[in-house]
Amino acid sequence: MFVSRSRKRSIDWATSEQKDPFRKKIKDEECNQEMVKEAMKQEEDSNLIEFLQPFPWQKIEAEGLDCDYALLFSKEEADHLYTKLEEEVVYLTGDETKVKVFGKVFNVPRKLATYGDTGLSYTYSGVSHQASQWTPTLKYIRDVVTKATGKTFNFVLINRYKNGQDQMGEHRDDERELDPLCPIASLSLGAARDFVFRHQEARGKRSRRQIKPVKLELAHGSLLLMNSPTNTYWYHSLPARKRVLTPRINLTFRHILQDGKK
DNA sequence: TCCTGGACATTTTA
DNA sequence: CTAAAATGTCCAGG
């Protein structure tokens, strides 16, 4: 079990914009892009220093795999964010929730939503999703993730697993529109779930190599950073866990390249 | 033993 | 060549 305490952070966040200087700074972004770029850079630097010492990251490494894991939110904060997201997030319905695998169309065994900057869309397994506008809570979480990582994100894919029967099959996030140098930041809220990485060359009966899977548990309020080149060599999945009876909401923050279309 | 769930490999095209 | 799905087989543990 991973023991750590997340940093103390004011919990009266969403209600009062003035109390959070970072949110104020984000508002300025809409006025002056140049100034904001500077401000963000300085923000990143100061936050890097601020978080370097007290923030307890756990490094997860294997051949071609590079991840960082930390408890980003305390139990109380995570509970609150979970509740807010249950109120705010609108999940896709109908054809938007279908996926094409081995030529057949299926409904995904979970609920999906996509939020991000205006005009962004994300495509995988034959289905494209337009990003909805950031909600206040998603914006807040995005900014905390930025503070903690020093990276910026313009998109978030939300997966909601209603219980341990909902799952995600093995795959890589190897879409062209993803910025390969920006890590994918995966925030977990709700039920803890196992998460499994398997090396591409260790899959299948005739696999050439025997590389052990990397398994971890994603806790309530935790953040997992999947750094380059993890997604080049490793598949990941969220396997079914029948004994899990409560929901998990997963937010994967990404950086999507506008013009990097296929 | 029986039952369940987990770890895989397989599938061959809305 | 790949595949964000479901399904079947095998096996360990209770």
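Candidates A:Val144, A:Val156: the one that is within 15 Å of A:Met226 (Cβ to Cβ) and β-branched (Val, Ile, Thr) is A:Val156.
Restricting attention to segment A:168-185, the residues that are under 17 Å from A:Glu61 (Cβ atoms) and part of a strand (DSSP E or B) add up to 1.
Taken together, the residues in segment A:197-227 that are open to solvent by 10 Å² or more (accessible area, probe 1.4 Å), away from DNA strand C (no atom under 13 Å from the Cβ) and out of contact with any Asp or Glu (no Cβ under 7 Å at 6 or more places or on another chain) amount to 8.
In segment A:228-254, the residues that are outside the structural domain of A:Tyr91 (by TED's automatic domain parsing) and in contact (Cβ under 8 Å) with a residue 12 or more places away in the chain never reach a residue that is charged (D, E, K, R) and not in a helix (DSSP H, G or I) with C-beta atoms less than 7 angstrom apart, at least six apart or across chains.
If you filter segment A:85-120 down to residues that are closer than 17 Å to A:Arg160 by Cα and among the basic types (Lys, Arg), you find that the one that is least open to solvent (accessible area, probe 1.4 Å) is A:Arg110. In segment A:165-176, what count of residues is obtained for those that are modelled with pLDDT of 90 or more and acidic (Asp, Glu)? Matching residues across segment A:165-176 total 3. Pick from segment A:228-244 the residues that are of a type outside the set (A, V, I, L, M) and closer than 26 Å to A:Lys75 by Cβ: which of them is nearest to DNA strand C (Cβ to nearest atom)? Checking each candidate, the answer is A:His236. Within the set A:Val156, A:Val145, the sole residue that is more than 11 Å from DNA strand C (Cβ to nearest atom), crowded, with 20+ Cβ neighbours inside 10 Å, under 16 Å from the mean Cα position of the chain (by Cα) and part of a strand (DSSP E or B) turns out to be A:Val156. Out of curiosity, is A:Val127 within 16 Å of DNA strand B (Cβ to nearest atom), of a type in the set (A, V, I, L, M, F, W, C) and either free of Cβ contacts under 8 Å to residues at least 24 places away in the same chain or not assigned by TED's automatic domain parsing to the domain that holds A:Asn231 (or both)? Here the answer is no, as A:Val127 does not meet what is asked. Would you confirm, using the coordinates I've provided, whether A:Lys151 is touching a residue at least 60 places away in the same chain (Cβ under 8 Å), more than 11 Å from DNA strand C (Cβ to nearest atom) and under 14 Å from the mean Cα position of the chain (by Cα)? For A:Lys151, the condition - touching a residue at least 60 places away in the same chain (Cβ under 8 Å), more than 11 Å from DNA strand C (Cβ to nearest atom) and under 14 Å from the mean Cα position of the chain (by Cα) - is met. Whether a residue is assigned by TED's automatic domain parsing to the domain that holds A:Ile249 and open to solvent by 20 Å² or more (accessible area, probe 1.4 Å) was assessed, and A:Ser186 does not pass this test.
Residues that are within 11 Å of DNA strand B (Cβ to nearest atom) and assigned to a strand (DSSP E or B) within segment A:200-239 comprise A:Val214, A:Lys215, A:Tyr235, A:Ser237, A:Leu238, listed in sequence order.
The values are calculated or read from the model by the stated rules, or taken from the named source; none is laboratory data. On a predicted model such as this, the values are computed, not experimentally measured, just so you know. Methodologically, a virtual Cβ is constructed for each residue, glycine included, from the backbone with ideal geometry; neighbour enumeration extends over all protein chains shown. Protein only, heavy atoms only, side chains kept; ligands, DNA and RNA dropped before computing areas. Shrake-Rupley method; radii C 1.70, N 1.55, O 1.52, S 1.80 Å.
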